[in-house]
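Report on the structure given below.
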Amino acid sequence: MSVDAYLNFNGNCRQAVEFYAEVFGTEQPNIMTFGETPPNPEFPLPEEAKDLVMHTRLTISGSNIMFSDTFPGMPFVEGNNISLAYVGNDVEEIKSIFNKLSEGGTVGLELQETFWSKIYGQLTDKFGIQWQFNFES
């Protein structure tokens, strides 16, 4: 398990992550765009979101740093665009930590299965820290 930094960008994530990969001499990033997600007729994808980065990751000096663009219409505040990502391989442990951190906080996305993860969720804890939870086997 790990706790990783997650950086959000306002439409320029691809340029940022490619720059960081060059600066730190890492592997080229594997970039997933919002346009690559399975279509959902209940929530059609806006045209301006299709090429934006949904997720990518670099390993810099042994640390995982994850990146994405904010979805069109979502708030973006430069300087406050970081969250911590708890990545684990024990669903019950993820649920337990999520529930403890949500006490007094605000759940943004309940834990649920997604197309990329057995369980994923988001919350802001009582101290204002944004957390993401993800299962990785």
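The values are calculated or read from the model by the stated rules, or taken from the named source; none is laboratory data. All of these numbers come straight from a predicted model, not from anything done at the bench. No Cβ is skipped: glycine too gets one built from the backbone with ideal geometry, and neighbour counts run over all protein chains shown. Ligands, DNA and RNA are excluded from the accessible area calculation, which covers all protein heavy atoms including side chains. Shrake-Rupley method; radii C 1.70, N 1.55, O 1.52, S 1.80 Å.
When Ser61 is tested against the conditions (1) without any contact (Cβ under 8 Å) to a residue 12 or more places away in the chain; (2) small (Gly, Ala, Ser); (3) touching a helix residue (DSSP H, G or I) at 6+ places or on another chain (Cβ under 9 Å), the lone failure is (1). Taking first residues from the stretch 36-57 that are open to solvent by 70 Å² or more (accessible area, probe 1.4 Å) and partners that are in a loop (DSSP other than H, G, I, E, B) and among the hydrophobic types (A, V, I, L, M, F, W, C), the Cβ contacts under 9 Å between residues at least 6 apart in sequence or on separate chains come to Pro38/Phe115; Pro39/Leu45. The set of residues from the stretch 12-35 being among the small types (Gly, Ala, Ser) and either part of a helix (DSSP H, G or I) or open to solvent by less than 60 Å² (accessible area, probe 1.4 Å) (or both) comprises Ala16, Ala21, Gly35. If a residue has to be over 15 Å from Gln130 (Cβ atoms) and over 17 Å from the mean Cα position of the chain (by Cα) to count, how many in the stretch 90-113 make the cut? Adding up the residues that qualify gives 9.
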